[in-house]
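These notes concern the structure reproduced below.
Coordinate-derived values only; no laboratory data. Note that the structure is predicted; figures quoted are calculated from it, not measured. A quick note on method: Cβ atoms are made from the backbone with ideal geometry, for glycine too, and the neighbour counts reach across all protein chains shown.
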Amino acid sequence: MHKSLNYFEKYHFLDLQISQKPANNLNMCIVIPCFNEPELIKSLESIKNCTLSEKSVEIIIVINSGTETEIEIIEKNRKTYLETQNWIKKNNTEKLNFFVLNIENLPQKFAGVGLARKIGMDEAYSRLYSVGNENGIIVGFDADSTCQENYLCQIEQHFETNPPSNGVSIYFEHPTQGAEYEQDIYENITKYELYLRYYKQALQFADFPFAFHTIGSSFAVRAKIYAKQGGMNRRKAGEDFYFLQKIIPLGNYNELNTTTVYPSPRSSDRVPFGTGAAIQKMLLQPQNDYLTYHLQAFLDLKTFFIHKNIFFEKNYENAKEGLIQKQISPIILFFLNENNFEEDLKKIIQNSPSLKTFNNRFFQWFDAFRVLKFLNFSHENHYKKESIKMQASNLLQIAYNYLTCTLSHFDLLFAYRKIDKGIFETEEINFLEF
């Protein structure tokens with residue numbers, strides 16, 4: 001069966017919406033979900049102002065609403081649709097084509113950002129496939145984000161120079177100062193972004209192999225991988241995390257740190273969690289600091305991951321005794337017991353002819369979802385969440401031997417951004433002299 005038809009028979013939600021044929025050299029499709037967004041044009045202008053890539057690029061905007069969406073928002077969406085259509089007529093070029101869809105009356109059960117991304121990404125896959133380019137790129141972006149001028153070129157260059165690459169997380173920075181937003185928004189987004197980077201860096205320090213940022217406005221995947229993994233989900237929130245957890249464990253997933261996406265720091269009530277929801281909660285419940293997972297929970301994972309191969313070498317009971325002797329935290333063993341690890345381990349070992357296979361299958365079990373489950377479990381039963389400032393400082397001290405107790409949230413975030421960009425060790429930074 002034709003692969004594209006096969007994908008759509010299994011996974012599509014809507015029939016294809018764009019009738020215009022793509023350029024023969026189409027190589028990249030950027031998908032932007034849009035719901036009650038007043039500044040979509042600002043985001044489109046940002047992409048338009050990018051240095052163009054060598055091949056054709058399409059931007060697919062999916063304005064969307066559900067059967068129970070308030071009429072006021074539907075009217076705003078329609079206004080945005082008309083404004084965007086007019087903007088597109090003036091700004092489409094041979095190498096950069098914008099398309100806008102306005103999909104109304106989506107089933108309320110599914111209506112949301114995940115379904116909007118799915119509609120656009122399915123469209124993108126079909127268009128890339130139709131020109132014989134399954135190696136083409138599908139990019140996630142948001143209607144309230146902007147980007148650096150080299151955005152298009154750097155994405156294209158990455159995939160051209162890294163043929164095995166299945167996807168990338170693209171470097172991002174929220175605005176942390178300026179006059180566009182109230183000062184408390186800048187202060188809160190600084191804390192929240194610091195949390196995001198702390199979480200990712202703590203997982204890396206714990207030797208977890210799938211430690212990547214999963215931000216909806218800041219990722220790209222190859223079209224064939226998108227289809228192979230069943231496409232985007234229809235989740236109303238967290239769709240980016242769930243989608244990328246199907247891509248990252250395949251391997252050949254990278255970070256792209258030579259360009260920058262600038263997501264909005266504003267609050268939002270459109271989804272139950274994520275950046276906008278976190279900022280709204282912080283504004284409604286002001287406190288001195290943002291609370292996060294205790295670093296010791298990540299250190300517990302690190303010790304466990306270092307010694308996990310003992311399960312391949314010994315039977316379960318002997319392995320447990322060996323782990324206790326190596327001072328593995330009891331909360332780890334408690335968690336394994338509560339999650340039926342002994343039974344699942346038997347299946348892992350039965351299907352692992354080598355230690356390498358065992359490691360792969362182990363992390364299929366102890367994946368990013370299980371890690372998050374452990375962190376929540378350990379904080380319900382043992383640890384308490386602590387201030388992001390203290391935990392981020394502790395990680396810098398343990399991982400990089402930097403004393404940071406006097407640093408502000410912004411200074412810590414600056415340090416973590418350097419680490420994520422891979423320039424922390426190549427630059428001689430004295431964090432006490434920012």
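Quick notes on this one:
- Ordering C50, C29 by the number of other Cβ atoms within 10 Å of each residue's own Cβ, fewest first, gives C50, C29.
- Pairs exceeding 32 Å between alpha-carbon atoms, taken from K55/K302; K55/K373; K10/K42; K90/K421; K191/K346; K228/K373: K55/K302; K55/K373; K10/K42; K90/K421; K191/K346.
- Calculated FRET value between I73 and K109, using beta carbons and R₀ = 22 Å, to 0.05: 0.80
- With N counted as the residues of segment 3-286, its alpha-carbon radius of gyration over 2.2 N^0.38 Å works out to 0.95.
- Over segment 295-381, equivalent-ellipsoid semi-axes from the Cα gyration tensor in Å: 20, 15, 12
- Taking the Cα centre of segment 3-286 as origin and assigning +1 to Lys and Arg Cβ atoms and -1 to Asp and Glu Cβ atoms, the resulting dipole is close to 780 debye.
- J(HN,Hα) series, segment 213-219, from Karplus relation 6.51 cos²θ - 1.76 cosθ + 1.60, nearest Hz, glycine and proline x: 5, 10, 10, x, 8, 9, 8
- Positive-end extreme of charge dipole, the chain - chosen from S130, F212, V168 (charges on Cβ): S130
- Helical runs assigned H by DSSP (4 residues or longer) give the chain a calculated mean residue ellipticity at 222 nm of -15000 deg cm²/dmol, each run adding -39500 (n - 2.57) before division by the residue total.
- GNM top mover of E386, E180, E83 - the chain, alpha-carbon springs below 10 Å: E180
- Mean separation of Cα contacts under 8 Å, 6 or more apart, over the residue count of the chain: relative contact order %: 17 percent
- Candidates Q327, Q296, Q229, ranked by Gaussian network fluctuation over the chain, Cα under 10 Å, top entry: Q327
- Prolate/oblate/rounded call for segment 347-408, Cα gyration tensor, a/c under 1.5 rounded: oblate
- Close amide H partners of I61, meaning residues 5 or more places away or on another chain with modelled amide H under 5 Å apart, are I32, F99, V100, L101.
- Estimated FRET transfer efficiency (N6, Q364; beta-carbon r; R0 22 Å; 0.05): 0.30
- Here's how it looks for G136: its modeled amide H is under 5 Å from those of A223, K224, which are all 5 or more places away or on a different chain.
- Chain lengthening between A23 and T258 when straightened (0.36 nm per residue, less Cα-Cα): 81.9 nm
- The H on the amide N of M232, modeled in the peptide plane, is under 5 Å from the matching H of no residue at least 5 residues off or on a different chain.
- Considering only I155, I88, I63, the mean-square fluctuation computed in a Gaussian network model of the chain, springs between alpha carbons under 10 angstrom, is largest for I88.
- Evaluated at q = 0.12, 0.13, 0.16 Å⁻¹, a Debye calculation over the C-alpha positions of segment 1-112 (equal weights, vacuum) places log10 I(q)/I(0) at -0.49, -0.58, -0.84.
- The equivalent ellipsoid of segment 85-182 has semi-axes of 23, 22, 17 Å, largest first, where each one is the square root of 5 times an eigenvalue of the Cα gyration tensor.
- Look at the alpha carbon pairs under 8 Å that are at least 6 residues apart: their mean separation over the length of segment 295-381 gives a relative contact order of 30 percent.
- In percent, rounded to a whole number, the relative contact order of segment 68-227 is 31, using alpha-carbon pairs under 8 Å and six or more apart.
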